[in-house]
1. Considering each residue of the stretch 175-203, count those that are part of a helix (DSSP H, G or I), open to solvent by 70 Å² or more (accessible area, probe 1.4 Å) and either under 21 Å from residue 108 (Cβ atoms) or touching a residue at least 24 places away in the same chain (Cβ under 8 Å) (or both), and give that number.
2. Just to be sure before I move on: is residue 93 in contact with a Lys or Arg (Cβ under 9 Å, 6 or more places away or on another chain) and open to solvent by 50 Å² or more (accessible area, probe 1.4 Å) in the structure I sent?
3. Which residue is modelled with the lowest pLDDT, if the candidates are limited to the stretch 103-117 and must be touching a Gly at 6+ places or on another chain (Cβ under 8 Å) and not polar (S, T, N, Q)?
4. Against the definition (open to solvent by 40 Å² or more (accessible area, probe 1.4 Å), within 17 Å of the chain's Cα centre (by Cα) and small (Gly, Ala, Ser)), how does residue 117 come out, yes or no?
5. With respect to the numbered conditions (1) among the hydrophobic types (A, V, I, L, M, F, W, C); (2) farther than 18 Å from residue 82 by Cα; (3) surrounded by 14 or more Cβ atoms within 10 Å (Cβ to Cβ), which one is the sole condition not fulfilled by residue 144?
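The values are calculated or read from the model by the stated rules, or taken from the named source; none is laboratory data. These numbers were taken from a predicted model, which means no experiment stands behind them. Every residue, glycine among them, receives a Cβ derived from its backbone with ideal geometry; neighbour counts consider all protein chains shown. With ligands, DNA and RNA removed, areas are computed over all heavy atoms of the protein, side chains included. Shrake-Rupley method; radii C 1.70, N 1.55, O 1.52, S 1.80 Å.
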Amino acid sequence: MDFSWSDTFMRGGRAPSSGYDPGNQALSQDPSADQARNIQPIRFVDAHGDPTAGIHGIEQTLALPFELRQNVMVTSVDKLVNWARKSSLWPVAFGLACCAIEMMAAGTARFDLSRFGAEVFRPSPRQADLMIVAGTVTTKMAPAVRRIYDQMANPKYVIAMGSCTIAGGPFQGSYSTVPGIDNFVPVDVHVPGCPPRPDALLWGIMKLQEKIEGESLAQTRSGR
């Protein structure tokens, strides 16, 4: 195969030895990557003036005159508030073990956690509404985790990241490890793995967003 040094430079410093690119194949099989590539600008109406889906998570509940469709959208308060909540999740910045490294990697440019509005890790639990428990929780650390959760303002959500957090992992049955944080903290989404990849955490955040979409302001989050 003929190639120049400029082609090699543009390909990241590697000569094209064959037509097979495992990186591109992995991306093509990644649903979250496909979803990110298919993001389109927000349009309330199409080229013919007919209403479109608009903002994902907010549907129009009332038909409007044609001259207002471009600038006005009528929906319920629940849908508007839930859309704002799921699009601006602020995780509290803390990690417990090796899963925290994968959580940090989710915020890098390769995975780009900011696509989902959840990249603002807050140093104070009073400024956060999402707790990502990433790593082994020991019996000595469990009261501190619960204290951080109690200091978070409502509504608040919890993602259990990794098998150690979910069920103790390889330390299950140990005298010093909590066999799952759902024994003392309510969990909304479980992300299995040891450790789970950053894109698995993105999957967990998308599942949490789907759960938030179905909430109602009239319902109370009991037991939290």
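1. Here the count works out to 1.
2. So residue 93 fits the description; yes.
3. Only one residue tops the list, namely 113.
4. No: the conditions fail for residue 117.
5. (3)
This table checks each residue for (1) under 17 Å from residue 90 (Cβ atoms); (2) crowded, with 21+ Cβ neighbours inside 10 Å; (3) at pLDDT below 90; (4) more than 13 Å from the chain's Cα centre (by Cα).
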| position | (1), (2), (3), (4) |
| --- | --- |
| 137 | no, yes, yes, yes |
| 148 | yes, no, no, yes |
| 155 | yes, no, yes, yes |
| 168 | no, no, yes, yes |
| 173 | no, no, yes, yes |
